[in-house]
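Chemist: Handing you this structure, nothing more for now.
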Amino acid sequence: MEFINLTRNVEIGANCYALKASGKCFLLDAGMHPTRTGTEAQPNFAAVAGISFDGAILTHAHQDHVGSLPVFTQTAPETPVFMTAATSSIAEIMLHNSVNVMLRQRDEMNLVAEGYPLFTHRGADLCEKQWRICPVNHPVSFDGERISRKEAEQGEPYFELFDAGHILGSTGVLLSAEGKTFFYTGDVNFDDQTLLKGALFPQEPPDILLLESTRGDAPVPEGFTRAAEEKRFAKALTEAIQSKGILLIPVFALGKTQEILGMLWKFRQEGLIPQLPIYIGGLSAKITGIYDDFRNNCHRHYPELRLFEEMSPYVLAGSDAASHPLRNEGIYLLSSGMMTENTLSNIFARQVLPDPDSSIFFVGYSDPESPAGRVRAAKDGEGVSLNSKLPPVTRRCRVEAFQFSAHSSRESLLSYATQLKPKKILLTHGDPLAVEWMKASLAKALPGTEAIIPEPGKWLTL
């Protein structure tokens, strides 16, 4: 087996990897970096130029894992791309939304010279023609055909998808060839969320483990439990509602919107918050519909819960969404979660920040350099730059942050790796401090295992 990390740096960016085994070569994910443009936003496809790929496997539909897939399939038009049915439905929406974002970026940032958009709506449609739907927990041959468990045990090369508990449709991938096994976690959460249950991953040790390290530099606070954090969130929601101000919760359209909607539903059922109008964006609405469609076909809590039917959110979509008059006594679940310039959460924050009766609650990760990161870091009375073309806005509102990560804690990742005891562990999907902590901790916990931080762009013989 040979492996190459096609992510350009040791970071969480345009996540993408390639694996050679049994004379075949597979691509694992093909992401787009959320804050870069042009070639720098894509995986390092130049490092595998001229290689004929036999297949690609998509673990889930977040932009940093799927965003460059049409760029890849343009150069590999016959290569099948394997994924779950839920990932397929979400990826279609995400890729077409990505085209719209790139068209806007081209005009606003003058990216014509960089070839924007990097792919078109037709390119996304052509990419989709290469997708092949795969079951979870069932071996599939490298040619894309289902095989029996007995055939797999007898040595036929195969791959198998396992529920990752991260977002709807997310999976880890086990590949078996040449008498060796390789397991890629993708983005994983071993703990239950509001809607999704924790990952159901293999318990048999693979020879090589490709492990995400997202939260490697973030220890779990002493005494932290998700149940206690939910209670703290419900209490803060009640206080914000009683203040009669505007309540803005920046969320990612995929995953976090649906989890918070599920949490608000649960709070209503428990009598913790009153029934109030809830507002979401157009992309969030499309993805929430898919969560409802797959409610009985995934590993989740409340399989009968239809978020749209129970929560009846108002959808802010179209060119007039930004001019919607903000109303008190409502909850605005708006993307982007990072409050990227010109998104609804960013635009509406200009009205919310200066109002001492209003609140902004963060429920996920915020890049410190993003507008959301700047809001979180600002003290009362300080100016916050939300848009590079507009003056700063003074922060007077209440700002709170809550921990509802869809990624496993570093402690859970370490526990899983320690349980498996693979021969080698490859550490990716983490900033330098995160992967270095994981490597040092694994060296102590598993002295017989080689922990490796793969150098981007270099083939590694496994």
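Chemist: Find the accessible area per residue for region 210-331; the probe is 1.4 Å, ligands and nucleic acids are left out, and the unit is Å².
Modeler: 45 Å²
Chemist: Given a Förster distance of 30 Å, report the FRET efficiency between Glu411 and Glu239 from their Cβ-Cβ distance, rounded to the nearest 0.05.
Modeler: Approximately 0.45, to the nearest 0.05.
Chemist: At R0 = 22 Å, how high is the FRET efficiency between Asp107 and His324 if r is their beta carbon distance? Nearest 0.05 is fine.
Modeler: FRET efficiency, Asp107 to His324: 0.45.
Chemist: Which of the lysines could a cross-linker span from Lys424 if the Cα-Cα distance has to be under 29 Å and same-chain partners fewer than 8 positions apart are dropped?
Modeler: Of all the lysines, those that pass the test against Lys424 - Cα under 29 Å, at least 8 places apart if same chain - are Lys20, Lys24, Lys150, Lys180, Lys197, Lys439, Lys444, Lys458.
Chemist: Only Lys, Arg, Asp and Glu count, each charged at its Cβ (+1, +1, -1, -1), so figure out the dipole size of the chain about its Cα centre, rounded to 20 debye.
Modeler: Numbers: 43 positive and 54 negative charges, 129 e Å.
Rounded to the nearest 20 debye, it is 620 debye.
Chemist: For region 264-281, in order, what is each residue's ³J(HN,Hα) by Karplus, 6.51 cos²θ - 1.76 cosθ + 1.60 with θ = phi - 60°, in whole Hz (x at glycine and Pro)?
Modeler: Once θ is set to phi - 60°, the couplings for region 264-281 become 5, 4, 4, 4, 5, 4, 8, x, 7, 9, x, 7, 10, x, 10, 10, 9, x Hz.
Chemist: Taking the convex hull of the alpha carbon atoms in region 37-112, what volume per residue do you get, in Å³?
Modeler: Spread over its residues, the Cα hull of region 37-112 gives 98 Å³ apiece.
Chemist: Shifting gears a bit: Between Leu460 and Ala46, what is the FRET efficiency for a Förster distance of 22 Å, r being their Cβ-Cβ separation, to the nearest 0.05?
Modeler: Numbers: r = 17 Å, r/R0 = 0.79.
The value I calculate is 0.80.
Chemist: Considering Cα pairs under 8 angstrom that are at least six residues apart, work out the relative contact order of the chain and quote it in whole percent. Don't skip to the answer; put the middle values down first.
Modeler: Working: 1002 pairs, mean separation 77.3, N = 462.
Relative CO of the chain lands at 17 percent.
Chemist: Relative to the Cα centre, what is the charge dipole magnitude of region 303-462, using +1 at the beta carbon of each Lys and Arg, -1 at the beta carbon of each Asp and Glu, and rounding to the nearest 20 debye? List each step's numbers first, then the result.
Modeler: On the way: 17 positive and 18 negative charges, 121 e Å.
It works out to roughly 580 debye.
Chemist: Report, in debye and to the nearest 20, how large the dipole of region 111-262 comes out about its Cα centre when Lys and Arg carry +1 and Asp and Glu carry -1 on their Cβ. The partial results should precede the final answer.
Modeler: Working: 15 positive and 23 negative charges, 140 e Å.
The dipole of region 111-262 has a size of about 680 debye.
Chemist: When N is the residue count of region 1-130, what does its C-alpha Rg come to as a fraction of 2.2 N^0.38 Å? Mind showing how you got there, number by number?
Modeler: Details: Rg = 14.0 Å, N = 130, 2.2 N^0.38 = 14.0 Å.
My calculation over the Cα atoms of region 1-130 gives 1.00.
Chemist: Please go through region 223-305 and write out the GluC sites (Glu not before Pro) that DSSP classes as loop and that have at most 13 other C-beta atoms within 10 Å.
Modeler: Values: sites: Glu229, Glu230, Glu239, Glu259, Glu270, Glu304; in loops: Glu270, Glu304.
Listed in order of number, the matching sites are Glu270, Glu304.
Chemist: Continuing with this model, one more query. With the dipole of the chain worked out from charges on the C-beta (+1 for Lys and Arg, -1 for Asp and Glu) around the Cα centre, which of Leu69, Tyr365, Ala234 lies farthest toward the positive end?
Modeler: Of the listed residues, the answer is Ala234.
Chemist: What length, rounded to one decimal in nm, is gained on full extension from Asp207 through to Glu153, with 0.36 nm per residue of separation minus their alpha-carbon distance? Before the final figure, lay out the partial values.
Modeler: Values: separation 54, 0.36 × 54 = 19.44 nm, distance 1.55 nm.
Length gained, Asp207 through Glu153: 17.9 nm.
Chemist: Here's something else I'd like to know. Evaluate the Kirkwood expression for the hydrodynamic radius of the chain, namely the inverse of the mean inverse distance over all pairs of different C-alpha atoms, and round to one decimal in Å.
Modeler: On the way: mean 1/r = 0.0438 Å⁻¹.
For the chain, the Kirkwood estimate is 22.8 Å.
Chemist: Moving on to the next point. Starting from 0.36 nm per residue, how many nanometres of slack lie between Asn9 and Tyr314 once their C-alpha separation is accounted for? Don't jump to the answer; show the numbers that get you there.
Modeler: Numbers: separation 305, 0.36 × 305 = 109.80 nm, distance 4.02 nm.
In short, 105.8 nm is gained.
Chemist: Give the shape of region 218-257 as rounded, prolate or oblate, defined through the alpha-carbon gyration tensor: a ≥ b ≥ c are the square roots of its eigenvalues, a/c under 1.5 means rounded, and otherwise the shape is prolate if a/b is larger than b/c and oblate if not.
Modeler: Numbers: a/c = 2.75, a/b = 1.33, b/c = 2.07.
Note, shape of region 218-257 comes out oblate.
The values are calculated or read from the model by the stated rules, or taken from the named source; none is laboratory data. None of these values were measured; they are calculated from a predicted model. Cβ coordinates were reconstructed from backbone atoms using ideal geometry, including for glycine residues, and neighbour counts include every protein chain displayed. Accessible surface is based on the protein model in full, side chains and every heavy atom, while ligands, DNA and RNA are left aside. Shrake-Rupley method; radii C 1.70, N 1.55, O 1.52, S 1.80 Å.
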